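For reference, the structure is listed below as structure tokens.
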Amino acid sequence: MKDSEQWLLVFNDVTNALNILGEEVDKRNKLFKTSPNSGDLTKISSEIRRQFKSIERVLIDLKETLPTIANEISKKEALRRKDELQTLIRKEQDFKKMFDNPATARNELFEDDVPIIVKKNYSRDEEPESIRDLEGHQILSYQKKVMDDQDKSLDALSNALSRTKQIGLSIDDELDEHTRLLEDIHENVDITESKIKVQTKKMVNLAKKNSFTCWGIIIAVILFVIIIALLIVLFTTTKYFTK
């Protein structure tokens with residue numbers, strides 16, 4: 001696939017992504033009007049910011065690579081792509097303005113060729129009471145304060161997660177220490193068991209030796225008794241015959 005064809009595929013993909021993002025911004029702004037303190041608003045806003053950064057990087061890449069593919073397409077086609085890219089960049093900037101200041105729906109930020117925006121007369125009654133009586137610059141300040149509060153909440157959450165991670169690491173270290181102690185105990189038990197086996201073997205051998213000694217003594221005593229008995233018998237017999 002040629003670089004010019006790849007460029008066009010990326011351009012079409014980012015165009016579709018930007019249109020979808022515009023719809024998400026519109027939904028987010030409606031949520032901002034009805035529930036400005038909603039927890040979902042923070043999550044949606046963070047995701048939209050991430051998508052804006054991704055699309056902006058792709059647009060910059062398309063702008064930088066367009067001159068490098070000029071030799072693969074006609075001059076007229078190159079100018080057409082350049083104009084379409086500039087239009088897409090302006091659309092992305094308009095969406096960012098709409099995202100940064102939901103109250104700018106009072107103004108006409110978008111051109112007629114943007115299909116996802118339906119122009120209508122804006123009524124302040126549709127705004128939440130917190131910003132209904134504010135002017136444009138005051139709403140910007142309010143929005144900045146809301147975003148700062150959201151950032152503080154995210155920082156607090158990040159700190160809580162860091163503390164939880166530290167606790168987890170401490171528990172892991174404690175478990176490692178307990179494991180090491182158990183291994184030491186197991187090793188000492190093995191050593192003690194080996195010593196007991198050695199001592200038991202020695203005691204068995206000693207018992208065997210003592211057993212042989214006892215039998216020797218018993219046999220010697222029996223022989224001694226037999227000899228004494230024989231001597232007595234001989235002495236008695238001799239004395240009898242002598243008479």
Check your understanding: Would you call I196 in a helix (DSSP H, G or I), modelled with pLDDT of 75 or more and surrounded by 10 or more Cβ atoms within 10 Å (Cβ to Cβ)?
Key -> no
Among residues of the range 62-77 being part of a helix (DSSP H, G or I) and touching a residue at least 24 places away in the same chain (Cβ under 8 Å), the residue surrounded by the fewest Cβ atoms within 10 Å (Cβ to Cβ) is T68
Expected single match for among the aliphatic types (A, V, I, L, M), over 28 Å from the mean Cα position of the chain (by Cα) and surrounded by 12 or more Cβ atoms within 10 Å (Cβ to Cβ) among L18, L9, L41 is L18
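The values are calculated or read from the model by the stated rules, or taken from the named source; none is laboratory data. No experiment lies behind these values; they were computed from the predicted model shown. Don't worry about glycine lacking a Cβ; one is built from the backbone with ideal geometry, like all the others, and counts go over all protein chains shown.
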